[in-house]
Amino acid sequence: MLTFEKYVCPATPREAYDLLQENRLATVIGGMMWLRLADRTAPLGIDLSRCGLDEIEETPDAFRIGAMVTLGQLERHERFSAATCGIFAEAVRDVVGTQFRNLATVGGSVYARMGFSDVVCALLALDAEVELEGAGVVPIIPFVERGARGDILTHVIVRKHRYQGAFESVRNAATDFSALNAAAACWQGSWHVAVGARPKKAALLTGGERTPLRRDFSPAELDAVCELAEGLDYGSDLRGTAEWRRAVAPALIRRAVRRAADKPRADKEA
Ligand SMILES: Cc1cc2nc3c(=O)[nH]c(=O)nc-3n(C[C@H](O)[C@H](O)[C@H](O)COP(=O)(O)OP(=O)(O)OC[C@H]3O[C@@H](n4cnc5c(N)ncnc54)[C@H](O)[C@@H]3O)c2cc1C
């Protein structure tokens, strides 16, 4: 059982951050769906539920998603779904069940950067940033690669584009963790393809400074990206072997890209 010697519920992210700096062994509490599985005593629990981080703000250029917004809240957000071609809803629809998704938070999912995370994989393919109370705004790619210790994640920002996007995963049983997942999103003229649950953290295969895959790719260009996927670093765990993941990843990527390419482009003002 997870026990807190002291529990606080600060009113602002800054207050939460200051408390965390004063108590480096403190535990930040999101939806607590993952944390509750721990068996330890923490000197201090910092609950973010009253920090005003449970809203999804929309501006002409972006969605600013509070860290305490639940997976369910974002999954059901019609404007966000329309603007991102439903990629997030596709990513989380098999995450345990509705009640669970109404408690697990976007902030907890992103901050924890779990290898199997469908949330992280989907966000990596989008033009996204994370906002940290201490370090400020950081693009999603370096954040997923390196993380941030001793900080409070306050928001995830998803920039608006005329996206096409789709998410694919393989699960050994419904609602189990993904044994392999892939997200593909096209924005600013090129495809951003992420592969996760390798079982390492999701990584971006194309897009950004990686190999480009242009919007109107030829079959040979898509083949080349799928071949590239075979060269990613895969591991084995109880959900699949490295060899299995290497063999399946190209098919999953191809399916995600093809399905996304068949969708109409999102309206930027969805
Ligand atoms: C049984 C089970 C099955 C799951 N299946 C899936 C799945 O199939 N796909 C998937 O993508 N995910 C899955 N998850 C993960 C889940 O979706 C959440 O990502 C996870 O529960 C963390 O979110 P939370 O809000 O519960 O965070 P918590 O458990 O509260 O926190 C998780 C970690 O993040 C830290 N933290 C939380 N919020 C913040 C913040 N704002 N700033 C800084 N640090 C923070 C905490 O200190 C802790 O270390 C599963 C989890 C469980 C328990």
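The values are calculated or read from the model by the stated rules, or taken from the named source; none is laboratory data. Here the structure is a predicted model, which means the values were calculated and not measured. When we count neighbours, we look across all protein chains shown, and the Cβ atoms used for this are built from the backbone with ideal geometry, even at glycine.
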**OP:** Examine the stretch 94-102 for a residue that is buried (at least 17 other Cβ atoms within 10 Å of the Cβ) and in contact with a strand residue (DSSP E or B) (Cβ under 6 Å, 6 or more places away or on another chain), and state whether such a residue exists.
**Re:** no
Subject >> Given (1) assigned by TED's automatic domain parsing to the domain that holds GLY107; (2) touching a Lys or Arg at 6+ places or on another chain (Cβ under 7 Å); (3) within 23 Å of ASP61 (Cα to Cα), number of the condition GLY147 does not satisfy >> reply: (3)
Original post:
Among the strands (runs of 3 or more DSSP E) contained in the stretch 18-69, which hold 3 or more residues that are closer than 20 Å to THR3 by Cα and in contact (Cβ under 8 Å) with a residue 24 or more places away in the chain?
Top reply: 40-47
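Taking the stretch 70-87, which residues are more than 10 Å from the ligand (Cβ to nearest atom) and free of Cβ contacts under 8 Å to residues at least 60 places away in the same chain?
First, pick out the residues of the stretch 70-87 that are more than 10 Å from the ligand (Cβ to nearest atom): 72-87.
Passing the criteria: GLY72, GLN73, LEU74, GLU75, ARG76, HIS77, GLU78, SER81.
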**OP:** Taking the options HIS155, HIS192, name whichever one is assigned by TED's automatic domain parsing to the domain that holds VAL106, under 25 Å from ALA82 (Cβ atoms) and either touching a residue at least 60 places away in the same chain (Cβ under 8 Å) or in contact with an Asp or Glu (Cβ under 6 Å, 6 or more places away or on another chain) (or both).
**Re:** HIS155
**OP:** Might you let me know whether the stretch 37-46 holds any residue that is at pLDDT 95 or above, within 20 Å of VAL130 (Cβ to Cβ) and buried (at least 17 other Cβ atoms within 10 Å of the Cβ)?
**Re:** yes
Subject >> Scan of the stretch 103-138 for residues that are more than 11 Å from the ligand (Cβ to nearest atom), without any contact (Cβ under 8 Å) to a residue 60 or more places away in the chain and more than 20 Å from GLN21 (Cα to Cα), ordered by number >> reply: ALA128, GLU129
Original post:
Which condition number does SER178 fail, the rest of (1) loosely packed, with under 15 Cβ neighbours inside 10 Å; (2) closer than 19 Å to ALA251 by Cβ being met?
Top reply: (1)
Original post:
Considering the stretch 230-270 alone, what residues qualify as being touching a Lys or Arg at 6+ places or on another chain (Cβ under 7 Å) and over 30 Å from PHE80 (Cα atoms)?
Top reply: GLU230, LEU232, ASP233, TYR234, GLY235, ARG245
